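Enquirer: Take a look at the following structure, please.
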Amino acid sequence: MAKSKTKPTFAGRLNAWRDKAGTWLATGTKTVISALAVAVVGLFLYQAWASPTGRPYFAVEEVVFEGLERVKRPHLQELVRDAARGNILHVDLQQVRRRVESVLWVESAVVRRRLPDALVIGVTERKPVAVAQVGRELLLVDRHGVLLGHYDPQFDLSLPIVIGLQGSTGEPLSEGDALRMQRFWDVVEDLRSGGVDYNGHISDIDVSDRRRVVVTPIDEPVPVILGGEDFNKRFRIFLSQLDRLREASREHGAIQEVDVSFPNRLIIRTARKEQPEVALSR
């Protein structure tokens with residue numbers, strides 16, 4: 001026989017309604033409080049941004065630089081002084097960034113606000129990776145080809161000298177120099193690829209013509225034309241033929257350049273007009 005369901009009493013229904021109402025009220029109260037808090041903060045920020053009375057609370061009091069090594073902090077502070085003053089919410093962060101990046105040794109900068117009163121500027125400085133010969137000057141150069149000023153012996157730079165860059169210190173990087181510097185890296189990396197790093201055997205790498213790379217060995221200071229590819233293989237061919245090169249020099253005069261960019265032959269150019277080239281099978 002089925003049990004009959006007990007109907008809730010009026011008191012029970014009243015208690016259940018009271019519990020639900022309490023839950024609704026508590027949830028609604030939290031929602032209202034959260035909304036009010038957001039509104040108050042928003043209104044405060046708006047007043048700080050829009051009203052002159054808010055400026056004292058959000059005035060830029062400090063500019064913090066991070067990542068500085070060679071760049072002088074006072075110089076950067078002077079550059080950004082006018083752009084980084086007043087209400088911090090009004091500061092044009094992009095303008096501040098552009099001013100910092102106008103410094104030669106600054107590669108990039110990131111500017112952010114730190115409320116209530118500080119700007120934080122993270123700086124990535126350019127790092128010299130090689131020495132470039134431009135005219136009669138030896139200049140520091142970064143990985144992109146930006147010339148950073150006169151060579152400073154404090155930098156221990158073991159790569160060959162770069163020849164062929166055409167810019168000047170402080171000038172914007174040209175597309176041509178960027179491509180020539182990329183070719184320099186292509187040569188450096190390829191010379192490392194055969195198990196022996198031949199960069200230590202080379203004095204300079206001339207990338208004036210990116211399709212006709214020329215290197216000068218340290219021990220045999222004659223220009224060696226490597227062409228536009230297979231730099232490691234072609235330099236090894238040059239090294240394997242040193243005895244024949246010396247023999248050709250004794251027979252035909254001082255060697256002006258050696259060309260290993262042609263397939264299956266090595267060409268020696270000498271000073272004698274009657275014997276400008278000597279072809280050797282490999």
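The values are calculated or read from the model by the stated rules, or taken from the named source; none is laboratory data. Every value quoted in this text rests on a predicted model; they were computed, and no experiment measured them. Here Cβ is always computed from backbone atoms with ideal geometry, including for glycine, and neighbour counts include all displayed protein chains. To get the accessible areas, we keep the full protein, side chains included, count just its heavy atoms, and leave off ligands, DNA and RNA. Shrake-Rupley method; radii C 1.70, N 1.55, O 1.52, S 1.80 Å.
Enquirer: Before I look further, what does segment 119-209 give for accessible area per residue, probe 1.4 Å, in whole square angstrom?
Expert: 48 Å²
Enquirer: Quick one: of the DSSP bridges fully inside segment 96-210, what percent are antiparallel, nearest 5?
Expert: 75 percent
Enquirer: Provide the FRET efficiency to the nearest 0.05 for the Arg192-Glu247 pair, computing r from the beta carbons and using R0 = 22 Å.
Expert: 0.10
Enquirer: If you wrap a convex hull around the C-alpha atoms of segment 95-168 and split its volume per residue, what is the figure in Å³?
Expert: Measuring per residue, one finds 102 Å³ for the Cα hull of segment 95-168.
Enquirer: Can you sort Glu189, Glu69, Glu257 by solvent-accessible area, 1.4 Å probe, largest first?
Expert: Glu69, Glu189, Glu257
Enquirer: Also, quick follow-up: Using only the Cα atoms of segment 160-227, build the gyration tensor, take square roots of its eigenvalues as a ≥ b ≥ c, and label the shape rounded, prolate or oblate: rounded if a/c is under 1.5, else prolate if a/b is larger than b/c, else oblate.
Expert: Prolate.
Enquirer: Something else: Would you kindly state how much longer the chain becomes between Glu78 and Glu229 on full extension, computed as 0.36 nm times their sequence separation minus their alpha carbon distance, in nm to one decimal?
Expert: This chain segment gains 49.6 nm when fully extended.
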